[in-house]
Amino acid sequence: MEMLFYIVPLLMIGGAVFMLIRVIGRSRDVRSAWNSGLTAEARCLRTYTTTSGGGETQVSTTLHHVYEFTTREGRGVRFEESNGSATVVEGDIVTVHYTAEHPERATAHAPARGKLAAESGCLLAFLGVFIIGCIIFMIVVRTVFSQADGFLP
């Protein structure tokens with residue numbers, strides 16, 4: 001029974017670390033695309049939304065765009081990006097930023113370094129507090145179990 005109070009927080013910490021890695025990676029990719037100076041005209045091929053939540057929780061909707069462009073080397077690239085502009089519809093032409101090494105990691109978001117830093121920083125801070133909370137929970141559980149000789153009060 002005691003192991004359950006360690007396994008669940010460890011799984012939660014694992015999920016939070018995975019999200020940390022994803023946030024840092026995407027932030028780095030977007031920043032690199034903006035800094036590369038390479039741009040291209042891309043066509044929006046498709047837009048769609050996904051929803052999450054419902055029931056007793058708030059419903060959240062995310063707008064996705066699928067873009068296609070040709071690099072300076074003539075390579076055709078198709079990529080998908082979430083949280084794009086709601087004013088971009090299928091058939092629209094937008095400017096995308098990409099790196100020569102990884103054009104599939106392009107972004108149609110206009111450069112906004114401060115906004116990217118703030119969003120990433122807030123997410124990282126939240127996940128860090130979440131991880132610390134899980135660790136504190138495990139320490140408290142260990143203390144309770146050691147004082148109660150293995151039995152929950």
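The values are calculated or read from the model by the stated rules, or taken from the named source; none is laboratory data. Values in this document were obtained by computation on a predicted structure and should not be read as measured data. Virtual Cβ from ideal backbone geometry, glycine too; neighbours counted across all protein chains shown.
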(request) Please find, among Tyr67, Tyr48, Tyr6, the residue that is farther than 28 Å from Phe137 by Cβ and out of contact with any Cys (no Cβ under 7 Å at 6 or more places or on another chain). (result) Tyr48
(message) Just to verify a result, which residue in the range 82-108, among those that are in contact with a Cys (Cβ under 9 Å, 6 or more places away or on another chain) and of a type outside the set (Val, Ile, Thr), is modelled with the lowest pLDDT?
(response) Gly84
(message) Name the residue that is farthest from Arg22 (Cα to Cα), counting only residues in the range 49-70 that are out of contact with any Phe, Trp or Tyr (no Cβ under 7 Å at 6 or more places or on another chain) and surrounded by 12 or more Cβ atoms within 10 Å (Cβ to Cβ).
(response) Thr70
(request) Any residue in the range 1-19 that's over 21 Å from Ala125 (Cα atoms): show its pairings with residues that are among the aliphatic types (A, V, I, L, M) at Cβ separation under 6 Å, as long as the two are six or more apart or on different chains. (result) Phe5/Val141; Tyr6/Met138
(request) Provide a single number: the residues in the range 84-126 that are under 16 Å from Val30 (Cβ atoms), surrounded by fewer than 12 Cβ atoms within 10 Å (Cβ to Cβ) and free of Cβ contacts under 8 Å to residues at least 24 places away in the same chain. (result) 6
(request) Determine, yes or no, whether Thr39 is more than 15 Å from His109 (Cβ to Cβ), surrounded by 10 or more Cβ atoms within 10 Å (Cβ to Cβ), out of contact with any Asp or Glu (no Cβ under 7 Å at 6 or more places or on another chain) and among the hydroxyl-bearing types (Ser, Thr, Tyr). (result) no
